[in-house]
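**Q** Provided herewith is a single structure, encoded as structure tokens, for subsequent inquiry.
What follows draws every value from the coordinates through simple rules; no lab data is involved. Here the structure is a predicted model, which means the values were calculated and not measured. As a convention, Cβ positions derive from the backbone with ideal geometry for all residues, glycine included, and neighbour counts pool all protein chains shown.
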Amino acid sequence: MSVGFGHIVPKRIQRTPQAIIMGSKKGGTRALIEFIKLHPKVKAAGPEVHYFDRHYDKGVDWYISKMKGIVPNSGEIAIEKTPAYFRTPEAPTRVYEMDPSVRLLLILRDPVKRLISDYNHGRSKHLEPGNNYPTLEELVFTHEDGINTTYSRLQRSIYHLHMSRWLVHFPLEQIHIVHGEKLIESPWTELNKVEAFLNITSEISENNFLFNTSKKFYCAREVRSHGVWQHTREKCLGRSKGRPKPPISEGTEERLSDFFKPHNRMFYDLVNREFGWPASDT
Ligand code: A3P
């Protein structure tokens, strides 16, 4: 603790995070971390850290140096999000070896919607004038009318494959799955469940959000005080979140949805929970 100008400034420390948002890419991870940060006890690292996938050789002190400081024994929680962890085969063992009690958060949405969003993300990065980018159909379907299961953006949507690797090390109760569609419709409802999972008081409510009609998403409502004046403004996610949809041929979504049905069933059985995405019968 240090004392300056008459008030006590609590000493902050950096440590390994008590919670990690481990995926999934395009599931709504940025919205999740920005919204849970509205909670006064949650201290979130800004950019994606990529320790357990890309930078593992840099060591745990490097990882800790990327964390926001917290006040020890104050109930504050350090958190980071790196969506690539979910599908990185080495990540579950590495996370477990660092801290077997860490709380894991995973946000998932309909695998077809996630795949289209992931494709759109790749496409928008390569769509400079004069550049061509393959159509979604060219990437996901084979010439023999099958599904191209080697396409990595499609593999990322086969949730049970990735989830089963995490369950080797962590019990289901230690992994909270946020419903991606519900986070879009009613962020505060999903965030209240996250608060309960993180064992922090329930602070986030509908009052923290404003619906932005041009973005068609909820944005965080920020209240700033200037002396006696209070000023409200909305803080929306950037333009890369909630992109206009890419061109897709008729029937593509249906074919993809049929492909994912047995995989979704396997995922539901694995986590003992249904998410409302189309699935084969049990
Ligand atoms: P789209 O851009 O395809 O609509 P991630 O942050 O993991 O990359 O996920 C991006 C997705 O978050 C967006 O995909 C969008 O659908 C979703 N999302 C959820 N809540 C959002 C919000 N409040 N504002 C913007 N995007 C949100």
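**Q** Restricting to the range 139-159, what's the tally of residues that are under 24 Å from the mean Cα position of the chain (by Cα), within 19 Å of residue 248 (Cα to Cα) and among the aromatic types (Phe, Trp, Tyr)?
**A** Final tally of qualifying residues: 1.
**Q** Restricting the range 151-208 to residues that are assigned to a loop (DSSP other than H, G, I, E, B) and within 17 Å of residue 40 (Cα to Cα), which is nearest to the ligand (Cβ to nearest atom)?
**A** Step one: filter the range 151-208 for residues assigned to a loop (DSSP other than H, G, I, E, B), giving 151, 156-158, 170-171, 186, 199-205.
After this cut, where a residue has to be within 17 Å of residue 40 (Cα to Cα) as well, the list is 199-205.
Details: 199: 24, 200: 21, 201: 23, 202: 20, 203: 18, 204: 13, 205: 16 Å.
Filtering the range 151-208 for residues that are assigned to a loop (DSSP other than H, G, I, E, B) and within 17 Å of residue 40 (Cα to Cα), the one nearest to the ligand (Cβ to nearest atom) comes out as 204.
**Q** Another question, then. Hey, among 241, 261, which residue is within 16 Å of the ligand (Cβ to nearest atom), among the basic types (Lys, Arg) and under 29 Å from residue 149 (Cβ atoms)?
**A** On the way: 261 fails: within 16 Å of the ligand (Cβ to nearest atom).
Only one candidate passes the filter, namely 241.
**Q** So, one more: Is there any pair with a first residue in the range 234-249 that is closer than 18 Å to residue 133 by Cα and assigned to a loop (DSSP other than H, G, I, E, B) and a second that is more than 6 Å from the ligand (Cβ to nearest atom) and not hydroxyl-bearing (Ser, Thr, Tyr) whose Cβ atoms are under 6 Å apart and which are 6 or more apart or on different chains, and what are they?
**A** Matching pairs, first to second residue: 246/123; 248/136; 249/137.
**Q** Hey, among 30, 15, which residue is within 14 Å of the ligand (Cβ to nearest atom) and surrounded by fewer than 19 Cβ atoms within 10 Å (Cβ to Cβ)? So that I can check it myself, show each step before the final result.
**A** Working: 15 fails: within 14 Å of the ligand (Cβ to nearest atom).
That would be 30, the only listed residue that is within 14 Å of the ligand (Cβ to nearest atom) and surrounded by fewer than 19 Cβ atoms within 10 Å (Cβ to Cβ).
**Q** Just a yes or no: is a residue in the range 96-116 closer than 19 Å to residue 198 by Cα, part of a helix (DSSP H, G or I) and touching a residue at least 40 places away in the same chain (Cβ under 8 Å)? Break it down stepwise before answering.
**A** First, pick out the residues of the range 96-116 that are closer than 19 Å to residue 198 by Cα: 96, 98-108.
Now narrow it down to the ones that are part of a helix (DSSP H, G or I): 96, 98.
Pick out the ones that are also touching a residue at least 40 places away in the same chain (Cβ under 8 Å) and you get 96, 98.
For the range 96-116, residues closer than 19 Å to residue 198 by Cα, part of a helix (DSSP H, G or I) and touching a residue at least 40 places away in the same chain (Cβ under 8 Å): present.
**Q** Mind checking whether some residue in the range 193-211 is closer than 19 Å to residue 116 by Cβ and within 19 Å of the chain's Cα centre (by Cα)? It would help to see each step written out before you state the result.
**A** The first filter runs over the range 193-211 and keeps only residues closer than 19 Å to residue 116 by Cβ, leaving none.
No, every residue in the range 193-211 fails to be closer than 19 Å to residue 116 by Cβ and within 19 Å of the chain's Cα centre (by Cα).
One line per residue, one yes/no per condition, for (1) within 16 Å of the ligand (Cβ to nearest atom); (2) within 24 Å of residue 35 (Cα to Cα):
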position: 67; (1), (2): no, yes
position: 82; (1), (2): yes, yes
position: 89; (1), (2): no, no
position: 96; (1), (2): no, no
position: 111; (1), (2): yes, yes
position: 131; (1), (2): no, no
position: 135; (1), (2): no, no
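**Q** Further question: Could you grab the pairs with beta carbons closer than 8 Å, sequence gap of 6+ or different chains, first residue in the range 148-162 and under 17 Å from residue 28 (Cα atoms), second one surrounded by 14 or more Cβ atoms within 10 Å (Cβ to Cβ) and among the acidic types (Asp, Glu)?
**A** Here the result reads 153/118; 156/118; 157/118, each pair linking the range 148-162 to a residue that is surrounded by 14 or more Cβ atoms within 10 Å (Cβ to Cβ) and among the acidic types (Asp, Glu).
**Q** Which numbered condition trips up residue 52, out of (1) more than 16 Å from the ligand (Cβ to nearest atom); (2) among the hydrophobic types (A, V, I, L, M, F, W, C); (3) not in a loop (DSSP other than H, G, I, E, B)?
**A** In the conditions (1) more than 16 Å from the ligand (Cβ to nearest atom); (2) among the hydrophobic types (A, V, I, L, M, F, W, C); (3) not in a loop (DSSP other than H, G, I, E, B), residue 52 misses (3) alone.
**Q** Could you please find all residues in the range 220-234 being surrounded by 13 or more Cβ atoms within 10 Å (Cβ to Cβ) and either over 24 Å from residue 76 (Cα atoms) or more than 9 Å from the ligand (Cβ to nearest atom) (or both)?
**A** Within the range 220-234, the subset surrounded by 13 or more Cβ atoms within 10 Å (Cβ to Cβ) is 220-222, 234.
Residues satisfying the conditions are 221, 222, 234.
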